[in-house]
Amino acid sequence: MTKGLQMSEVTKYYAEGSNRIAALDHVSISVEPGEFVAVVGPSGSGKSTFLSIAGALLKASEGDIKLNGYNISTLTAKELSNIRLQEIGFIMQSSNLVPYLNVLDQLLIVKRMSGKVKREDKEFATKLLEELGLGSKLKSLPEELSGGEKQRTAIARALINNPNIINPNIILADEPTASLDTKRAHEVVSLIAQEVKSRQKAAIMVTHDERMLEYCDKVYRMEDGKLLLAESSRSVVTHG
Ligand SMILES: Nc1ncnc2c1ncn2[C@@H]1O[C@H](COP(=O)(O)OP(=O)(O)OP(=O)(O)O)[C@@H](O)[C@H]1O
């Protein structure tokens, strides 16, 4: 079974009056476990559509998508929602935190839904939050957090979703550094890169932030719904 994410000739049409526009135009990409790729491109080029389809939130009009070996076009709605829960860590622009849960519980909710929260789950969550500078906010509710703190909580939640090396999952990040200062932005993206490498996750990050490309193995450019391999970021950016 092939792990990671494979898209083959994926097209997405949106109806626009009597016309239809191809927001994605025959997109093919393969992201292996342990690989961190970036997708850049102008506004309206199709990046959000791409990420929504990769995350099984939106159906493609044409083409095949495989997530950790599952061909998602053949799955029922129930199976799709299980795959989303088990295989995918989403880091979206709007952080979608649960309003009545404190920061620590935001991370443990998936575990809580699927059974019992173990002591090591709590320790892992606490450690992750401390690494992200949220050690003093464990008991805070979303309304008590700044935009950046909410974003970091959402990132931690995406990283903890399935910290299981035998069944590597997929991380999809939409502008994860949008509301962060430079220092935090580097911390967050290097943390994602570290998770990708140490836990063999396959990750895709949509970003406008050129400074973050140095953490990625490959950079793709989206233009008018077409996805092109731009360059290997390591060949253009030297690590300090
Ligand atoms: N639900 C929808 N119905 C109709 N058209 C849509 C819909 N969602 C997106 N589009 C169109 O599809 C194209 C791609 O949009 P998409 O949001 O994927 O771009 P994007 O690259 O993520 O843009 P941004 O960087 O501004 O978020 C755009 O022309 C957009 O207007």
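Summary table
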quantity: Some residue of segment 220-240 being assigned to a helix (DSSP H, G or I), modelled with pLDDT under 85 and under 19 Å from I88 (Cα atoms); calculated: no
quantity: Unmet requirement for G69, which otherwise passes all of (1) under 30 Å from E149 (Cα atoms); (2) away from the ligand (no atom under 16 Å from the Cβ); calculated: (1)
quantity: Pairs with Cβ under 8 Å, 6+ apart, first in segment 117-142 and at negative phi and without any contact (Cβ under 8 Å) to a residue 40 or more places away in the chain, second surrounded by fewer than 15 Cβ atoms within 10 Å (Cβ to Cβ) and among the aliphatic types (A, V, I, L, M); calculated: none
quantity: Condition broken by K59, with the remaining ones in (1) within 16 Å of the ligand (Cβ to nearest atom); (2) surrounded by 14 or more Cβ atoms within 10 Å (Cβ to Cβ) satisfied; calculated: (2)
quantity: Subset tally (residues that are buried (at least 17 other Cβ atoms within 10 Å of the Cβ), part of a loop (DSSP other than H, G, I, E, B) and either small (G, A, S) or within 16 Å of the ligand (Cβ to nearest atom) (or both)) for segment 1-39; calculated: 2
quantity: Filter result for L80 (under 18 Å from the mean Cα position of the chain (by Cα) and within 19 Å of L128 (Cβ to Cβ)); calculated: no
quantity: The one condition in (1) β-branched (V, I, T); (2) touching a helix residue (DSSP H, G or I) at 6+ places or on another chain (Cβ under 6 Å); (3) farther than 23 Å from A38 by Cα that I109 fails to fulfil; calculated: (2)
quantity: Lone unmet requirement of (1) under 25 Å from R199 (Cα atoms); (2) near the ligand (Cβ under 10 Å from one of its atoms) for S81; calculated: (2)
quantity: Checklist (1) modelled with pLDDT of 85 or more; (2) of a type outside the set (V, I, T); (3) buried (at least 18 other Cβ atoms within 10 Å of the Cβ) applied to P168, failing item; calculated: (1)
quantity: Boolean, A193 is farther than 22 Å from K111 by Cα, part of a helix (DSSP H, G or I), more than 16 Å from the ligand (Cβ to nearest atom) and modelled with pLDDT of 90 or more; calculated: yes
quantity: Segment 7-64 - residue that is among the hydroxyl-bearing types (S, T, Y) and within 17 Å of the chain's Cα centre (by Cα) and, of those, farthest from P176 (Cα to Cα); calculated: S30
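The values are calculated or read from the model by the stated rules, or taken from the named source; none is laboratory data. All of these numbers come straight from a predicted model, not from anything done at the bench. Cβ: placed from backbone, ideal geometry, glycine included. Neighbour counts: every protein chain shown.
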